[in-house]
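What follows is a short report on a single structure.
The values are calculated or read from the model by the stated rules, or taken from the named source; none is laboratory data. All figures in this text were calculated on a predicted structure; none of them were measured in a lab. Using ideal geometry, Cβ is built from the backbone for each residue, glycine included, and neighbour counts are taken over all protein chains shown. Heavy atoms of the whole protein, side chains included, go into the accessibility calculation; ligands, DNA and RNA do not. Shrake-Rupley method; radii C 1.70, N 1.55, O 1.52, S 1.80 Å.
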Amino acid sequence: MIIRSLLVLVAIALLSAPAFGQFGQSNNRLADLADRLARDASDFADSSYSNFANNSRALRNDIDAVMLAHQFAGATHIFNRMVVDRRRNQDLRDAFDVLQNLARSIERSNVSRTNWYNIQRTMNDIPRELNYNSPGGGGEQYPPDNGRGGRMTWRGRVDDDVRIRIRGGSADVETIGGSPYPDGQPNFYNSLPPRRVTVRLTMKRGRGDIFIEQQPSRENDFTAIVRIKDPKGGASDYEFELQW
């Protein structure tokens, strides 16, 4: 499964049509994040192998973990190259989905977590740079607020308790309890306007509780705050939609 995921990523990079002129304006922040992710993933892979090499009683799981770490590092370098080559936005999204699947496998393994926190943080930042309606857009080009309302969706994995802060065209995840997951994927059809609105929540998927903790107001800088509580053991997939 892991090797197949890596092959899918290579196929996306090599077989998709060139996108020069289709990616739109250069997204410098996405390029910086992709480069940082590739460097941190390489450090993570090197650290994983060093720990493995110093373990004279390594088990099969240890071998699987170090192999997975290096496969993830290789995949991040392919993703970085795709960003530099300005591939189509849809190609980048597909490639990032593969990265997220590999990251989930690492989360489930017993691999050393050295440098993993920085990778999680970067993985959380990248989706917002890929999240805009136009398939050829670039940068944080969210549809403007036209006074007619709007909506957004979010999906990701939750373990125990998280708080999601939605402001403008971004959704930041704060892990309150349990293991953090870097796979939260917001999708904005309109940005949340910088004014007082009433947001309505619809739960699409999840085994626990999803509720609005705060409505946008001047006091919280017009931020909608959604809370997800997962009462059962382990992580689970969640999805919700906000409308305003």
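Data overview
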{"quantity": "Residue in the range 145-157 that is exposed (fewer than 15 other Cβ atoms within 10 Å of the Cβ), among the hydroxyl-bearing types (S, T, Y) and either touching a residue at least 24 places away in the same chain (Cβ under 8 Å) or part of a strand (DSSP E or B) (or both) present", "calculated": "no"}
{"quantity": "Selection status of G169, closer than 27 Å to Y117 by Cβ, surrounded by 15 or more Cβ atoms within 10 Å (Cβ to Cβ), more than 18 Å from the chain's Cα centre (by Cα) and not aliphatic (A, V, I, L, M)", "calculated": "no"}
{"quantity": "Evaluation of G137 against (1) part of a loop (DSSP other than H, G, I, E, B); (2) at pLDDT 75 or above; (3) touching a Gly at 6+ places or on another chain (Cβ under 7 Å) (one fails), failing number", "calculated": "(2)"}
{"quantity": "I63 vs. criteria farther than 20 Å from R128 by Cα and modelled with pLDDT under 75", "calculated": "no"}
{"quantity": "Looking only at the range 25-64, and only at residues there that are free of Cβ contacts under 8 Å to residues at least 40 places away in the same chain and either of a type in the set (F, W, Y) or outside any helix (DSSP H, G or I) (or both), the one that is least open to solvent (accessible area, probe 1.4 Å)", "calculated": "A58"}
{"quantity": "Where a residue in the range 110-126 is under 18 Å from N27 (Cβ atoms) and its partner, wherever it lies, is buried (at least 19 other Cβ atoms within 10 Å of the Cβ) and modelled with pLDDT under 80, with Cβ under 6 Å and at least six apart", "calculated": "M123/P182; N124/P182"}
{"quantity": "Per-region count, the range 216-244, residues acidic (D, E), within 23 Å of N190 (Cβ to Cβ) and part of a strand (DSSP E or B)", "calculated": "2"}
{"quantity": "In the range 200-244, the residues that are touching a strand residue (DSSP E or B) at 6+ places or on another chain (Cβ under 9 Å) and more than 22 Å from S170 (Cβ to Cβ)", "calculated": "R207, G208, D209, K229, D230, P231, A235, S236"}
{"quantity": "Subset of the range 172-205 [touching a residue at least 24 places away in the same chain (Cβ under 8 Å) and open to solvent by less than 40 Å² (accessible area, probe 1.4 Å)]", "calculated": "P182, D183, G184, Q185, P186, F188, N190, S191, L192, P193, V197, V199"}
{"quantity": "Checklist (1) surrounded by fewer than 21 Cβ atoms within 10 Å (Cβ to Cβ); (2) under 23 Å from F44 (Cβ atoms); (3) modelled with pLDDT of 80 or more applied to N124, failing item", "calculated": "(3)"}
{"quantity": "Scan of the range 214-244 for residues that are farther than 24 Å from E129 by Cα and either of a type in the set (G, A, S) or at pLDDT 90 or above (or both), ordered by number", "calculated": "Q214, Q215, S217, K229, D230, G233, G234, A235, S236"}
{"quantity": "Residue satisfying all of: in the range 16-32; within 18 Å of R88 (Cβ to Cβ) and modelled with pLDDT of 90 or more; farthest from the chain's Cα centre (by Cα) among these", "calculated": "A31"}
